[in-house]
Amino acid sequence: MNRDFRKQKHDKLNNRLFICKICFVLDYLIDFKNMEWETPAPGVRYKAHTHDNHKIRLLEFTEEFVEDDWCTKGHTGYIVEGNLLINFNGRLSTFRAGDWVIHTRRRRKQT
């Protein structure tokens, strides 16, 4: 078999597999642009998508938002743009665009 022919056949197979992988990924595209914003509290709004018991949100915070209680759930977030200032039990941490935030699950303090 001609070596060039084998390479062309291999390239066609790879292209076909690549196209299928793209189709698979596009099935799970989250189209935040066409979702409505939800506003659960002053200073925060979000768009949410749930799949297989996993929820992903696009969040926007303003300085008006204040969380009354320490959240006991674990969260992971990525700062798309702007800055996020979080008060972790009196310690202020600033996160900027491109940063990841990981908040691990914590138990509430016993009083």
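Read the figures in this text as sums done on the coordinates, not as results from a lab. Just so you know, these numbers come straight off a predicted model, no measurement behind them. Please note: Cβ atoms are built from the backbone with ideal geometry, for glycine as well, and neighbour counts cover all protein chains shown.
Data table
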{"item": "Count of residues meeting criterion [closer than 17 Å to V101 by Cα and among the hydrophobic types (A, V, I, L, M, F, W, C)] in segment 45-66", "result": "4"}
{"item": "Where a residue in segment 71-83 is closer than 8 Å to D99 by Cα and free of Cβ contacts under 8 Å to residues at least 40 places away in the same chain and its partner, wherever it lies, is surrounded by 11 or more Cβ atoms within 10 Å (Cβ to Cβ) and not basic (K, R), with Cβ under 6 Å and at least six apart", "result": "I79/F95; I79/A97; I79/D99"}
